[in-house]
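> Below you'll find the structure I mean.
The values are calculated or read from the model by the stated rules, or taken from the named source; none is laboratory data. It should be emphasised that the depicted structure is a prediction, and the values quoted were computed from it without experimental measurement. Please note: Cβ atoms are built from the backbone with ideal geometry, for glycine as well, and neighbour counts cover all protein chains shown.
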Amino acid sequence: MDNTAAERIQRLIQNIERVVFGKHDVVKLCVTGLLARGHILIEDVPGIGKTTIAQAIARSMQCTFSRIQFTSDMLPSDILGVSVLDPRTNEFTFRKGAIFANVVLADEINRTPPKTQSALLEAMGEYQVSVDGLPFDLPRPFIVMATQNPVEYEGTYTLPESQLDRFMIRVTMGYPPPGDELRIMRRRDPKKELENLHPVLTGDELIALQDRVGGVRVDESVARYILDIIQGTRDHDQVMLGASPRGSLTFYEACQARAVVEGRDFVTPGDVKALAVPLLAHRVLVKSRGADLVAAADERARVIQDVVRRVPVPV
C-alpha cells in the first residue's frame, strides 16, 4: 500500500482519537468498517461514549451528516421523506428525509418500533429507498452508524435478525482504562472538542480508499479459512442459525479492509481471527440464550470463539 493511503488512514484514526480516549482498537475496527463500505452497530451500556465516537467519525470526514434520534412515535416517513402536494403546481414534490446523507447516525435505534426500523432495510442493503413506488438513490459514500443500549428494556424493541444481518460490524465499547477515564473526567463535556474537530478526509478520498480494498490479495488458503469458519457457525451444536452468505461476503471484504488499515496489501489469518467475533457474533442464533441482551451477546461471542478454535489455521 502506498504511503498516501496509509497517511490518510492514520490521520483519520488520530483525528477520532482527539475526542475518543483509550479506545484505539475500537476506532480501528470502526475505520475498518468504513473502508469495507459496511454499516456499524455500536452497542454498550449507557455513558460509555457510543454517540461520541459516531459523531467524531462523521465530523472527521467532509461528508454530509444527519442524526436521527429514534423514538417510539417515529414514523418511516420521518426517515425516508414524504411526498407533499404543491398548491401552486397541484403536483406532489418529494421532500427527502434524514436518510439522504453520506453518514447517518441512527441514535438509540432500538427505541423505535419494528415498522420504523424496517425503513432502513432497503437503504442499508441496496443503497436506495422506495417511496410511493418510486426508487431514490442514496448519496455515495453511504454509511449507517447505529447505537443501541443493550440493557434498558423499558421503551426498547429488539432488532430483528434481518436488521442485524445488514450491519457489517457490531462494536462494544467497554470501560476506558483508568488513566483515560481521568482525562474524560477532567474534560467534562466532549461537545467543545467535537465542534472543533475538522475533517481530515473528503468523501472522494474515502471512496478511493474503499476502492483500494477490493485489490487486496487473499490467498486461496486464507479464503478457505474464512469459509471454514462460516461453515463452522452452521455446524456448531449450540447454533440454531449460522451466518448467511451475506455474512461470508462481508467477512471477506472486512478482512481485506483490515489489511489496508494495517498497511498491508494482503490478508493474513490474524486478520480473520481478529474480525471473527465483531463480524459474526450478531449474525448467529444460539440455542442457550442469555437472560438479557448482554448475556445473549456474550453467549454468541463465546460460540464464535469456539468455532475459531476448532478450525485449523492455514500455514
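> Looking at Val261, Val218, which is the one that is under 30 Å from Glu7 (Cα atoms), surrounded by fewer than 23 Cβ atoms within 10 Å (Cβ to Cβ) and not assigned by TED's automatic domain parsing to the domain that holds Glu43?
Val218
> Also, I was wondering about something else. Taking the condition closer than 17 Å to His39 by Cβ and either surrounded by 14 or more Cβ atoms within 10 Å (Cβ to Cβ) or not basic (Lys, Arg) (or both), does Thr172 pass? Before you say what the answer is, go through the steps one by one.
Details: closer than 17 Å to His39 by Cβ: yes; either surrounded by 14 or more Cβ atoms within 10 Å (Cβ to Cβ) or not basic (Lys, Arg) (or both): yes.
Criteria met by Thr172.
> Considering only the stretch 158-272, give the helices (runs of 4 or more DSSP H) lying wholly within it that have at least 2 residues that are touching a Gly at 6+ places or on another chain (Cβ under 7 Å). Full working, then the answer.
Working: elements: 161-164, 178-187, 191-195, 203-213, 220-235, 245-261.
Filter on the stretch 158-272 gives 220-235, 245-261.
> Would you check if Gln69 is of a type outside the set (D, E, K, R), within 21 Å of Gly33 (Cα to Cα) and at pLDDT 85 or above?
On the way: of a type outside the set (D, E, K, R): yes; within 21 Å of Gly33 (Cα to Cα): no; at pLDDT 85 or above: yes.
For Gln69, the condition - of a type outside the set (D, E, K, R), within 21 Å of Gly33 (Cα to Cα) and at pLDDT 85 or above - is not met.
> What is the number of the single condition among (1) modelled with pLDDT under 85; (2) buried (at least 19 other Cβ atoms within 10 Å of the Cβ) that Pro114 does not meet?
(2)
> So for the stretch 70-83 (the condition being buried (at least 23 other Cβ atoms within 10 Å of the Cβ), under 19 Å from the mean Cα position of the chain (by Cα) and part of a helix (DSSP H, G or I)), does at least one residue qualify?
Yes, some residue in the stretch 70-83 is buried (at least 23 other Cβ atoms within 10 Å of the Cβ), under 19 Å from the mean Cα position of the chain (by Cα) and part of a helix (DSSP H, G or I).
> Still on this structure, I have one more. Among the residues of the stretch 137-148, which ones are touching a Leu at 6+ places or on another chain (Cβ under 9 Å) and either modelled with pLDDT of 90 or more or closer than 21 Å to Ser60 by Cβ (or both)?
Pro141, Ile143, Val144, Met145, Ala146, Thr147
> Do we find a residue being on the phi < 0 side of the Ramachandran plot, crowded, with 20+ Cβ neighbours inside 10 Å, among the small types (Gly, Ala, Ser) and assigned to a helix (DSSP H, G or I) anywhere in the stretch 2-20?
no
> Specify the residue that is farthest from Asp165 (Cα to Cα); the eligible residues are those in the stretch 274-296 that are out of contact with any strand residue (DSSP E or B) (no Cβ under 7 Å at 6 or more places or on another chain) and either surrounded by 17 or more Cβ atoms within 10 Å (Cβ to Cβ) or modelled with pLDDT of 95 or more (or both).
The selected residue is Ala274.
> May I ask you to list the residues in the stretch 210-230 that are among the polar types (S, T, N, Q) and under 23 Å from the mean Cα position of the chain (by Cα)?
Gln210 - this is the single residue of the stretch 210-230 that is among the polar types (S, T, N, Q) and under 23 Å from the mean Cα position of the chain (by Cα).
> Within the stretch 226-258, track down each residue that is farther than 27 Å from Leu34 by Cβ and not acidic (Asp, Glu).
Of everything in the stretch 226-258, those that are farther than 27 Å from Leu34 by Cβ and not acidic (Asp, Glu) turn out to be Gln231, Gly232, Arg234, His236, Gln238, Val239, Met240, Leu241.
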